[in-house]
Structures are given as C-alpha cells and as structure tokens.
Amino acid sequence: MFKLNLDPHSNYILASTFGPDSMALLDMTIKQGVSPVVCFVNYHFQDSMEGEEDALKQYCAEHNLRLETLDTDKLPQEGKAENFVEWARNARYAFFEEMYQKYDAAGLLVAHTMEDLIEVYLTQKHLGKRPRKYGYQPISTHEGMVVLRPLLDFTRHELLNYDKENNVPFSTHMDVYEDQHVRDDIHRSIVAHLNAIEREQILDEIRTENDEKIRFISGLDKVMDTTRSLSIRSIIALSPEEFARTLIRFVGNADVHVHLKSSSLNDIRKMCLDPQPNLSYPIGQGWFIIKEYDVLILGSNPEELPYSYILEKPGVLDTPQFHLDFSNGGKDRGIKPEDYPLTIRTALPQDMVTYGGYLVPVRRFYIDLNLPHSVLSQWPVFCNKDGKVVYVPDPNYSDDNFESILELRFVHND
C-alpha cells in the first residue's frame, strides 16, 4: 500500500474509471481514513460503460462516498472525431477542475502507474523533448489543482493482484478498449511487452536523465529536515511541479496537518519574489510560512518575523523581543571587546556554532536545546563585527545572572 500524507479532514478528488488501477487507489485511500469525492467520466465507448457506472455507484453507496459523473454525450462534440484523445482529456480535466472548485479540494488523485510513467518518458524521448524532468511526477500542478500520483511505483499487474487479494471490485473493459483504440503505438508496441528487468532498466535510465535534479532535490530535503527551513534562492529555480512537491513536503513539518492549494503555492512563490524581506503567509490552523530574508521557515505566530539589532558598544539594548544588559561587556558569555559592534538577530540557515567540538548549524543546535516551536524562529544569535556567530544563549543555563543579562520576552510555556 502506498503512503501519502493525506489529511482525513480535507477533500480530495479521485479520478476513477472503475478499472483495476483507479479502484486499487480508491481502496488504498479509504484505508488511510480519507473519503474522496469519486469522479467518473462516461465516454459511452461501449455498452459496458453503463454497467461500470452503475457498479461504481453501488460501491460508493456501500462506502458512503460522494460520486460525481460526467456524461460526455451532453458536451459539445466539436473536435471529437478529429482528435478524440485530446478532446477526451480536455473534457475530463475541465470536469475535474469544476469538482475541485466545488469541493474546495486539497488535491486530485490520479491512478497513473509505472507503465504510464515509462510511456510518457519514451514519448518525450521519441518527440525529442527535453523537459526539466522526464516522466510523470508524484506531485504536480494543473490549472489550479494539485495533482497527486501515488501509484507510480506500482505496475498494472501488481495493482490487479492487489484488487483480487483485497476483494476490490473492478472491470478491465475500459483498459482493454483504451489499449486497443486510445493509447499510442509506443504503449502497444513497447510498454505493454516489457518484462520486469526491462522496466527497471528504463526506470534507471529515467533516474540517470534526472540525476542532477534528483541530487538537487535530495539536498534540499536534507537541509529542510536539518534546519526546518528552505532557501528561497534554491526553490525559486525549481519547476512548478518541483516547487509544489517541495513546499508540500515542507509544510508537513508543521505540528498540525495543513494542505496547500495550487493558488496558495502561487501566492507563496510571489512572496518569495517580493523585494520586501520579512513577510508571512497563512497556511491554516494557526500556522504560517514566514519569509525571513532569503529563507522560508514555519511558524505558528504571524508576529514571529525576523529581527536584527546592533549593539555598538557594551550597554543596554531594549527591543520588543528581548531586554539585553551587557553593561559589563558580556565577557562571561565569551564576547570580547574586539567583537563589537555586535549584531543580535534571528538565526539564518547558514549560521554555524561550535557544539561538542564540532561545527553544527545553529538551527540544529536549537533543536538539541529542546527549544519549543513557539520560540524557535525568534531565539537570538550574537554575531561579531565580522558576521561570525560568537554566542548563542542557552535556555538551560543555570546561572541566576542569566535573566539579568538577557531577558527573552517571547519565551512562554507551550
């Protein structure tokens, strides 16, 4: 069974043909505690489609699912005879967009398989296309929708077996018709005849073609997990699909489940490009994506914007975030006279501090200090005149004089 971070409290649209692939996806989704809105398009290919629509209605009724259907006979027929594949695709995606808006959906679930991924790749190569990334992507966007393809690691045969083992009803009539009349020559002559070894060889080829981008994304993931932040310069260079995938994974670090709509992704991208250095964007349930100069962080308080103050010489500094008394210079904190002027600011992802004899990211150090999320984004670092971090306050410091030196006004109990 696939694992996808679906929110049981959000609406999802699921495209179903009552074929083995989409019914397996529907069953897996239900078992994750999600009740999607099922969308069925009746193309009236053959008489069996009426029976499949009826069977899907019965299944949805038994599982208390909402079903939306599209009768393509009621649509304008212009262009259907000349290019049925394009006409049908435009019809169903217009239908999905309508349902997406109607139910204020968090995503459109589509049952594309490993064979579909390979077919797209081979078609791209045959046509001489050089996309930023070959093949289908697990998360992409289309006309304001977030499109989720969680079955790209499954073959059609594996999904067929899944249905049989889990007593999931399905019909192969649609698949047989599409294989014979809709799918192109690449599918019929190549993809349909690949064995397991040949499929893996092509998948390796896809990975090799996409290797540079995969390494880049993996690097982003590592930084994201370590510092809980995203470099704006890095993500702004991503394609819309990669940007969506990265942001969706990023907000998964919030303490509550939130989902991003395609419109939200566009707004966040605009915020990244905005020349204003400190901005925040609400993502739901009291959480925000906060733009902190050239990085994005997650926060549960829109007022947790970054700050930066200069202490020209030993003395007192009073700010909305803290009261600092360095009248004696701060020598007991390792701060030397030649370090002035000091900059006291929120930490950046590139900031490093010596911890346990090693240089570690300051944000990693924060996590080890067990700082609560309520203060993570506001905890200060002290930088010398050369911009080097020379002091990071430890909230566990036992010296009674700590409070008199640095009173952190944003510290409160979670």
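Look at the stretch 168-186 and say how many of its residues are under 15 Å from residue 157 (Cα atoms) and modelled with pLDDT under 75. Qualifying residue count for the region: 3. For the stretch 337-351, filtering for residues that are part of a strand (DSSP E or B) and modelled with pLDDT under 85 leaves 1.
Within the stretch 280-295, at least one residue is under 19 Å from residue 383 (Cβ atoms), of a type in the set (Val, Ile, Thr) and assigned by TED's automatic domain parsing to the domain that holds residue 236.
Pairs are defined by a Cβ separation below 7 Å, a sequence spacing of at least 6 or placement on different chains, a first member in the stretch 194-207 that is under 14 Å from residue 154 (Cβ atoms), and a second member that is surrounded by 13 or more Cβ atoms within 10 Å (Cβ to Cβ) and hydrophobic (A, V, I, L, M, F, W, C); the pairs so defined are 199/114; 199/118.
Among the residues in the stretch 245-252, are any more than 14 Å from the chain's Cα centre (by Cα), outside the structural domain of residue 378 (by TED's automatic domain parsing), closer than 26 Å to residue 7 by Cα and in contact (Cβ under 8 Å) with a residue 24 or more places away in the chain? No, there is no match, as no residue in the stretch 245-252 is more than 14 Å from the chain's Cα centre (by Cα), outside the structural domain of residue 378 (by TED's automatic domain parsing), closer than 26 Å to residue 7 by Cα and in contact (Cβ under 8 Å) with a residue 24 or more places away in the chain. Considering the stretch 297-313, the residues that are surrounded by 15 or more Cβ atoms within 10 Å (Cβ to Cβ) and aliphatic (A, V, I, L, M) include one that is modelled with the lowest pLDDT, namely 305.
When the stretch 81-129 is limited to residues that are over 27 Å from residue 159 (Cα atoms) and either touching a Ser or Thr at 6+ places or on another chain (Cβ under 7 Å) or of a type in the set (S, T, N, Q) (or both), the one that is modelled with the lowest pLDDT turns out to be 83.
Selection over the stretch 324-335 of residues that are touching a residue at least 24 places away in the same chain (Cβ under 8 Å) and surrounded by fewer than 16 Cβ atoms within 10 Å (Cβ to Cβ) gives a count of 2. Identify all residues within the stretch 224-244 that are out of contact with any Pro (no Cβ under 7 Å at 6 or more places or on another chain) and in contact (Cβ under 8 Å) with a residue 60 or more places away in the chain; write none if there are none. Once the filter is applied, which keeps residues that are out of contact with any Pro (no Cβ under 7 Å at 6 or more places or on another chain) and in contact (Cβ under 8 Å) with a residue 60 or more places away in the chain, the stretch 224-244 yields 228, 230, 232, 233, 235, 239, 240, 241, 242, 244. The stretch 205-319 holds strands (runs of 3 or more DSSP E) entirely within its bounds, and those carrying 3 or more residues that are under 21 Å from residue 11 (Cα atoms) map to 278-284.
The values are calculated or read from the model by the stated rules, or taken from the named source; none is laboratory data. The structure displayed is predicted, hence computed values, not measured ones. Don't worry about glycine lacking a Cβ; one is built from the backbone with ideal geometry, like all the others, and counts go over all protein chains shown.
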